[in-house]
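Heads up, the thing below is written out as structure tokens.
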Amino acid sequence: MGVVDNAVYVAGVRHCEPESLEVTYELLRDEKGMGWIGLYRPTPEEVLSVAEEFGIHALAVEDTITAHQRPKLERYGDVLFTVLRPARYIEQDERVEFGELHVFTGPDFVVTVRHAESPDVALVRRRLEASPELLALGPEAVLYALLDQVVDEYGPVVAGLENDIDEIEDQVFEGDPGVSRRIYELSREVTEFHRATRPLVDMLAALRAGFSKYGVHEELQQHLRDVEDHVIPVVDRVDGFRALLQNILTVNATLVGQRQNEEARRLTEASLSQNEEVKRISSWAAILFAPTLVGTVYGMNFDHMPELHWAFGYPFAILLMAAVCGGLYVVFKKRGWL
């Protein structure tokens, strides 16, 4: 069942826990209290049942059923529809998990629709039940307490992201080849976190602007200002993370380029060194080829070959070999091959 908690409160005290939504609707009419219905990944039928009873607008119902909404604050008559994007940091995976919470607040009811594990709505409920005088202020007290819980849960996320960025900075300067992928993944998480937190500034300002119009109690006004004081630093930190990651990405690209240039330089030097070796080998091969050619021709065993029986034939062949070798050596030396 999508209904995880269903209670009627009278004067800020938990009066009863109806066995079904239908009983809750009847008790609200009889007891003149406040109903707080908590839904977790409800079926469309459950959402439609609540919407029909409390007169929730069809557009808000559609948003709740389809989910995947941006943080926003919309008013439909006397029903305020609030979408929040809570987040939590998963330490073992070093990643951020984002949730989605829809809150409907009316004159005498609160409906929370949770599409993920966070935030801990049960914790908010227990905290408010421990302060009946605050809960007695009505649905707005529940909304502000939920806002406060969502913003408080952003704290560990900010700390986790900051630690990840510190680790990435170390990886960048250590030349870790996998750091580019991690920078991209973390940048995506920070961007998503920015989308979850940035709208809260305008949402809280809109709630503050409606204090007089909707007669919000002074204590609730103080609670809202406290939430606002906490969310602004979070948004500023997230903006700083985005700028820092962009700088890290630029530095990483520069360092990668430098390493590639250094590797290309080393390859070029190695290639040049190999070319020098090839030149030397080729030069000596040419030098040694000359006496081999002369010796091969002179040493052929033919009776009728010119100069074969000449007394100076052998010294001449030796002298010719030395002259050719010396000449080739001088030529290669001048060209820098030797």
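The values are calculated or read from the model by the stated rules, or taken from the named source; none is laboratory data. It should be emphasised that the depicted structure is a prediction, and the values quoted were computed from it without experimental measurement. Neighbour counts run over all protein chains shown; Cβ positions are idealised from the backbone, glycine included. The protein model used for the area step is the full one, side chains on, heavy atoms only, and it has no ligands, DNA or RNA in it. Shrake-Rupley method; radii C 1.70, N 1.55, O 1.52, S 1.80 Å.
Side notes on the structure shown:
- For the stretch 173-282, the Cα gyration tensor yields ellipsoid semi-axes of 60, 9, 8 Å (square root of five times each eigenvalue, largest first, whole Å).
- Furthest towards positive pole of dipole, 232, 291, 77, structure part the chain, Cβ charges: 291
- For residue 32, the aspartates and glutamates whose Cα comes closer than 16 Å to its Cα, not counting residues fewer than 8 places off in the same chain, are 17, 22, 53, 108.
- Folded to 0 to 90 degrees: helix 313-334 orientation relative to the chain principal axis, Cα: 30
- Taking all protein chains together and a 1.4 Å probe, the residues 331, 113 rank 331, 113 from largest to smallest accessible area.
- Percent of C-alpha pairs per 10 Å bin, the stretch 127-197, short to long: 17, 32, 21, 16, 11, 4
- Overall dimensions of the stretch 74-150 by Cα: Rg and Dmax, Å: 13.6, 45
- Dipole magnitude for the stretch 110-232: about 760 debye, using +1 per Lys or Arg Cβ and -1 per Asp or Glu Cβ, origin at the Cα centre.
- Projected-area mean, the stretch 52-185, by convex hull of Cα positions, square nanometres: 9.8
- Put simply, the chain fits an ellipsoid with semi-axes of 89, 20, 14 Å; these come from the alpha carbon gyration tensor as the roots of five times its eigenvalues, largest first.
- For the stretch 185-244: Kirkwood Rh in Å [reciprocal of mean 1/r, alpha carbons]: 12.6
- Magnitude of the charge dipole for the stretch 1-55, about its Cα centre and with charges confined to Cβ atoms of Lys, Arg (+1) and Asp, Glu (-1), is about 260 debye.
- Geometric descriptor of the stretch 104-147, per residue, is 61 Å³ (volume of the convex hull of the Cα atoms).
- Against the criterion of solvent-accessible heavy-atom surface with a 1.4 angstrom probe, 10, 103 sort, most first, into 10, 103.
- Within the chain, longest stretch free of exposed trypsin sites (Lys or Arg not before Pro) [DSSP loop, at most 11 other beta carbons within 10 Å]: 33-334
- Evaluated with a Cβ-only charge set (Lys, Arg +1; Asp, Glu -1), the chain carries a dipole of roughly 2460 debye about its Cα centre, given to the nearest 20.
- Accessible area of residue 173 in the full protein assembly, 1.4 Å probe (Å², nearest 10): 150
- GluC sites (Glu not before Pro) lying in DSSP loop within the stretch 4-105, provided at most 14 other Cβ fall within 10 Å: 19, 91
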